[in-house]
Each structure stands twice: as structure tokens, then as C-alpha cells.
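What follows is a single structure, written as C-alpha cells, with notes after it.
Laboratory data are not the source of any read-out in this text; all were calculated from the coordinates shown. As the structure is a prediction and not an experimental result, all values here were calculated from the model. Quick reminder, even Gly has a Cβ in these numbers, built from the backbone with ideal geometry, and neighbours come from all protein chains shown.
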Ligand code: AMP
């Protein structure tokens with residue numbers, strides 16, 4: 001579709017927020033300061049995350065549910081392989097066969113689709129609904145993912161969006177989105193618990209806000225605890241069907257106590273409520289927090305409408321949880337707010353939601369690591385540093401990208417290596433090479449090297465967190481503290497060696513250019529002085545290396561003087577005395 005805009009009437013395209021849920025999904029946007037959730041054809045705002053094949057066509061949402069044979073909860077498969085326990089469990093309840101090629105595939109009545117494609121179908125449906133509502137193309141979105149999603153799961157979600165032409169402005173964690181919906185990012189700091197009790201799953205996240213950055217400090221969940229369990233206990237107690245039990249449960253929330261009194265309901269639900277409270281206890285312990293440290297509790301998911309749940313939370317924390325926003329829509333609302341801020345808002349509205357977990361740097365001479373972006377820097381971030389060549393006439397430079405807190409290359413994690421070629425030959429130290437590290441909001445690092453005089457550049461993209469487990473990260477941090485002193489000594493030694501090898505390089509190049517200024521005997525002395533200095537590079541004691549440097553400088557003193565005199569003589573040849581005395585003025 002071609003969109004023609006009159007000059008001066010550029011209508012701004014809206015970026016949307018998408019809550020891509022396991023059971024239901026939502027799409028919404030903020031327009032003129034108002035948040036609106038898009039409705040499906042049946043007038044409902046929740047679109048079931050379900051697919052089915054009808055007359056050879058893949059249908060999504062309520063239409064898929066109507067077939068009675070819908071493929072549901074594909075979110076549980078995203079970024080996984082057939083070997084995963086969860087996938088095997090999923091297969092047991094799923095009417096379709098799952099197979100593994102490069103990606104997990106589902107045989108949807110003969111239509112073999114990948115998990116990414118299945119998610120893409122859902123996203124496509126949401127996108128179409130929003131386009132019909134807004135009467136304009138929807139091309140950009142913020143999509144929410146569970147806080148515990150790993151890199152593969154996040155990347156797969158992004159891939160699904162790209163398949164349907166949605167540019168993902170940012171993936172944000174579901175609990176973070178819920179906190180944004182309540183405007184908690186506007187506060188200076190705080191610790192928040194996000195309590196998310198849906199139909200079939202339960203998730204708790206602890207978020208810490210400092211200087212506008214939300215950090216997920218702990219998560220805990222149960223993929224088999226939710227509203228369905230509450231339905232089951234009513235059905236068992238009253239001997240009714242699950243469907244009827246669910247209606248009774250929902251009526252109880254509005255104070256209808258025809259079938260059960262409040263006290264009976266409270267007693268009946270106690271084991272389930274207790275389970276969520278002990279999980280809260282566990283997650284707070286994990287985060288080394290007491291209930292008093294918690295500044296707010298955000299309620300997410302349809303089951304948090306139950307007064308018995310709200311009361312249990314209030315009793316446990318000693319404060320009322322936040323319940324003003326529709327608990328089914330709070331995550332989508334946060335995503336929509338973030339989409340608006342990223343697409344049109346001012347820089348101050350831009351939320352910094354994450355930090356670099358470890359420092360990012362590059363290898364410099366002597367196997368040392370120079371940090372370019374320190375750990376715990378809020379992202380997105382871009383930092384530049386200038387480097388230079390080590391040797392005369394050097395035309396290429398290898399950039400070795402490293403991650404970690406230690407001072408030496410061997411102790412850090414190697415992320416990538418690339419070479420900048422085509423540096424014009426110059427004297428060592430004269431080239432100016434700008435190296436730029438940028439980490440985008442999704443944690444993806446781009447490194448660019450640029451030689452300033454010629455504009456030659458080279459670039460690489462890396463994913464710093466790929467394959468790095470939280471345990472490994474903690475190990476790396478611990479090691480950096482443990483070895484802090486050794487590391488400083490090692491750095492000093494390597495720097496001393498570096499200085500010595502620079503002096504050796506300079507001595508060699510001067511020697512080969514002008515050795516005829518010296519008698520043969522003197523030449524031999526200096527050649528052996530260079531050899532001695534080269535041996536000195538092997539010393540493991542910094543002072544010994546320094547001593548070698550002083551010695552070399554001393555040995556070359558006389559020669560250096562002779563070179564200066566010879567050079568001066570050269571400039572005077574062919575000029576008369578007056579010219580020399582008056583400088584270059586002709
Ligand atoms: P979700 O997965 O977030 O859509 O949550 C759906 C669950 O919320 C289902 O178990 C519903 O029965 C439950 N739910 C929705 N509204 C209410 C209500 N008013 N009272 C109790 N449970 C509800």
C-alpha cells in the first residue's frame with residue numbers, strides 16, 4: 001500500500017504495544033495521551049493465542065478456538081528444541097505433532113509451520129486488527145516477553161515480528177511493562193514486586209529502579225498454577241462442571257455469595273493462596289529483601305481480580321497492592337507507553353530499562369584490556385575512544401572485542417575479532433583510529449573502527465550476553481574482585497614491557513636508517529644493545545624491565561645526538577646562511 005502524504009501534513013505513524021501472551025494476546029496504542037486496547041471482530045480485547053487450519057487457511061484467535069482443535073500456548077515452545085523437557089511435556093497435551101528440523105515445527109493438519117511462523121501468525125492478526133482500527137499501516141512495535149526469557153527466546157520473538165513486517169523498537173520484560181503502566185519509572189527509585197496470576201501460570205518478579213533504570217533482580221514462577229486451579233477446587237467441592245465453577249468463581253469476585261460464603265471460599269482457596277505466598281517469600285529471600293523493603297506491588301493477570309488474592313497480598317506486605325489498571329491490560333499498556341516514548345517522545349521520555357552486566361572493552365598491545373563501556377552502564381549507550389598504530393607503516397589493525405572485568409585478555413571473554421584494513425602508512429602513533437562501541441536497547445553490541453584521515457571503516461555486530469549464563473557472569477565478577485591486586489601488578493608489568501618494546505622498535509628503525517653515521521665497532525655495540533633489550537622483555541619483574549629501558553636509552557644517547565646533527569646539516573645544505581638565520585621566509 002502506498003501512503004501519500006500532503007506536504008506539511010505528515011501524519012505521524014503510531015507505534016503499538018503488544019502483549020504476546022501464552023493464552024491471550026493484546027495490541028494497544030497511546031494516542032493523544034489516551035491508551036486504547038484494540039478490539040477483535042467479536043468485540044473482545046483479548047485475542048486467544050490460538051491457531052487452527054480452516055479450509056487450508058491458518059486462522060487465529062476466537063475463530064481458531066471455535067474449531068475445538070486449536071494449537072495453543074506456542075509461546076512455551078519458542079526458542080526451544082525437541083530435547084527440552086518442556087517441549088516433550090507440551091507434546092503430550094497437544095493434538096499436533098512437533099518435529100525438529102533447524103527450528104521446532106508443528107504439523108498443523110498437513111501444514112508444517114515453525115514455532116516462529118506460528119507466533120508470526122498471531123502477530124499478523126494483531127497487526128491487522130490495529131491497522132483496521134487506526135486506518136493506517138502499523139510498522140513499529142514494542143513487544144513484551146517474560147523476564148526469564150533467554151537470548152534464543154527473545155531473538156525468536158523478534159524474528160517472528162520481522163516476518164510480518166513489524167520493526168521491534170524494543171523487547172521489554174512483562175513485569176517492567178506493568179511497572180511502566182503505573183508510572184513507577186517516574187519515581188526516583190524503589191523496589192517493586194510484580195505478582196502475575198493468570199489462567200494457567202503464575203510469575204513473580206522483583207524489580208529495582210535506580211536512576212530511571214529497571215533491573216529484574218529476581219524471578220520465580222510456576223507454569224502450572226493459575227485461575228484454572230481455583231476453578232477445579234470449586235468444581236470438586238460443589239460437584240459442578242469446570243465451566244460452571246469458573247462462572248461461580250468470577251461471580252464471587254463481585255460479591256455474589258449464593259453458592260459459597262466468603263469464609264468458605266477463603267478456606268477452600270487457602271492452599272493455593274498459601275502456595276503463592278511461600279513463593280513470594282522465596283523470591284524475596286533470593287533478592288535479599290524483607291517485606292518492608294518493598295515499595296509497591298503491581299497486580300497482573302485476570303486472577304488478581306479475586307478479592308481473596310488481593311487480601312492475602314495486603315496481609316503479607318502490610319500495604320494495598322496496585323489494582324487500578326485492568327490486570328489483563330496492564331502489560332500491553334506499559335508496552336504502548338514505551339512504544340510512544342520511543343517513536344515520538346522526547347529524549348527525557350526515553351526509558352533506560354537495562355544495564356550492561358559486564359564491561360566491554362578491546363585488546364590493546366601487550367595483551368591488556370582497555371574498557372570502553374564499564375559494567376552497569378544503562379543501555380542504549382554509545383562510547384568512542386581513539387587508538388593509534390604501534391608500528392611505522394602499519395596498514396591494518398585488529399580489533400579484538402572482549403567482555404569482563406579483568407585486566408588481561410586471557411581472563412576476559414572473547415566476543416569477536418575483526419580487522420580494519422587500508423590505514424595509510426604513517427609513523428607509529430600518528431594514525432588516529434576511532435573505535436565506537438554502541439549497545440542498543442536489546443543488548444546488541446556494534447563495534448565500528450574508523451581511520452580518521454581517510455575515512456576507512458570496518459564494523460561488526462555481536463551479542464554480548466549470548467550463551468552467558470547468570471552463574472558464569474557471577475563467576476566472572478567474583479574473579480575480578482579476587483584478583484584485583486594481581487591484575488594491577490600484571491597490568492603494570494605489561495605496560496612496562498610495552499614501553500620497552502616501543503623503544504626497541506624505535507631504536508631498530510633509527511639504526512637501520514642511519515647506522516652509517518657510526519663506525520663499524522660502534523654499530524656492533526648498538527646491535528648488541530638492542531639484543532640485550534629484547535631479552536629484557538622476558539623479565540617478570542617490572543623494575544627489571546624498567547632498568548632495561550633506561551639502559552637502552554643510555555646506549556642510544558650518543559647515536560640519537562649524531563642523528564639530530566646529521567638532520568640539521570641536511571636542512572642547511574643548499575641554503576645560504578641568511579636564509580637559515582631568517583627562517584623560511586622567502
Ligand atoms: P489471564 O490468563 O490473565 O487472561 O487470566 C484469566 C484468568 O483470570 C481465568 O482463570 C479467569 O477465570 C480469571 N478471572 C478473570 N476475571 C476474574 C474475576 N472477576 N474473578 C476471578 N477470576 C477472574
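Give me the one-decimal nm value for the distance between modelled label points at residue 538 and residue 293, 7 Å along each residue's Cα-to-Cβ direction.
5.4
How long are the semi-axes of the equivalent ellipsoid of region 360-481, defined as square roots of 5 times the Cα gyration tensor eigenvalues? Whole Å, largest first. Write down the numbers at each step before the final one.
On the way: eigenvalues 147, 51, 24 Å².
Here the semi-axes work out to 27, 16, 11 Å.
Return the Rg/Rh ratio of region 16-355 with Cα-based radii and a Kirkwood Rh. Before the final figure, lay out each step's value.
On the way: Rg = 20.0 Å, Rh = 20.8 Å.
Here the Rg-to-Rh quotient is 0.96.
What fraction of the DSSP beta bridges in region 6-149 is antiparallel, stated in percent and rounded to the nearest 5?
The antiparallel fraction comes to roughly 85 percent.
Quickly estimate the mean residue ellipticity at 222 nm for the chain, helices only: each DSSP H run with n ≥ 4 gives -39500 (n - 2.57), and the total goes over all residues, rounded to 500. Don't skip to the answer; put the middle values down first.
Values: 15 runs with 226 residues, N = 586.
Counting only the DSSP helices, I get -12500 deg cm²/dmol.
What percent does the relative contact order of the chain come to when contacts are Cα pairs within less than 8 Å and at least six residues apart?
That works out to 10 percent.
Would you mind computing, in nm to one decimal, how far apart the modelled labels at residue 31 and residue 558 are, each placed 7 Å from Cα along Cα→Cβ?
If labels sit at residue 31 and residue 558, their model points lie 8.9 nm apart.
Quick one: helix 262-286 against the long Cα principal axis of the chain, what's the angle to the nearest 10°, folded into 0 to 90?
Helix 262-286 and the main axis of the chain meet at about 10 degrees.
On a 0 to 90 degree scale, rounded to 10, what angle separates helix 151-163 from the longest Cα axis of the chain?
80
Give me the orientation-averaged projected area of the Cα convex hull of region 47-114, in nm², one decimal.
That works out to 4.4 nm², a quarter of the Cα hull's surface.
Using Cα-only point scatterers and the Debye equation, what is log10 of I(q)/I(0) for region 265-320 at each q in 0.13, 0.21 Å⁻¹, rounded to two decimals?
Relative scattering, expressed as log10 I(q)/I(0), comes to -0.33, -0.84.
Please give the FRET efficiency for residue 386 paired with residue 232, using the beta carbon to beta carbon distance and R0 = 60 Å, rounded to the nearest 0.05.
0.35
If you average 1/r across every pair of different Cα atoms in the chain and take the reciprocal, what Kirkwood value do you get, in Å? Could you put the intermediate results ahead of the total?
Details: mean 1/r = 0.0347 Å⁻¹.
In the chain this quantity evaluates to 28.8 Å.
Can you say what percent of the DSSP beta bridges in the chain, counting only those with both residues inside, are antiparallel? Round to 5.
85
Can you compute the FRET efficiency between residue 91 and residue 241 using 1/(1 + (r/R0)^6), with r the Cβ-Cβ distance and R0 = 35 Å? Round to the nearest 0.05.
Once rounded, the FRET efficiency stands at 0.80.
How much length is gained on full extension from residue 139 to residue 263, taking 0.36 nm per residue of separation minus their Cα-Cα distance?
Full-extension gain reported as 39.6 nm.
With a Förster radius of 45 Å, plug the Cβ-Cβ distance of residue 66 and residue 456 into 1/(1 + (r/R0)^6) and report the FRET value to the nearest 0.05.
That gives a FRET efficiency of 0.15.
Tell me, in nm to one decimal, what length is gained between residue 100 and residue 189 on full extension, where the rule is 0.36 nm per residue of separation less the Cα-Cα distance?
Separation in residues times 0.36 nm, less the Cα-Cα distance, equals 27.5 nm.
Quick one: give the max-minus-min coordinate of the C-alpha atoms of region 485-572 along each principal axis, largest first, in Å.
Largest first, region 485-572 extends 54, 26, 17 Å along its Cα principal axes.
How many nm is it between the label spots at residue 41 and residue 489, if each spot is 7 Å from the Cα in line with the beta carbon?
7.5
Quick one: angle between helix 307-317 and the longest Cα principal axis of the chain, in degrees between 0 and 90, rounded to 10, please.
40
Quick one: plug the Kirkwood hydrodynamic radius of region 208-343 (C-alpha pairs) into Stokes-Einstein at 4 °C, 1.567 mPa s, and report D in µm²/s.
77
If you build the convex hull over the alpha carbons only and average its shadow over all orientations, what do you get for region 214-259? Give it in nm² to one decimal.
Numbers: hull surface 19.8 nm².
Projected area, direction-averaged: 4.9 nm².
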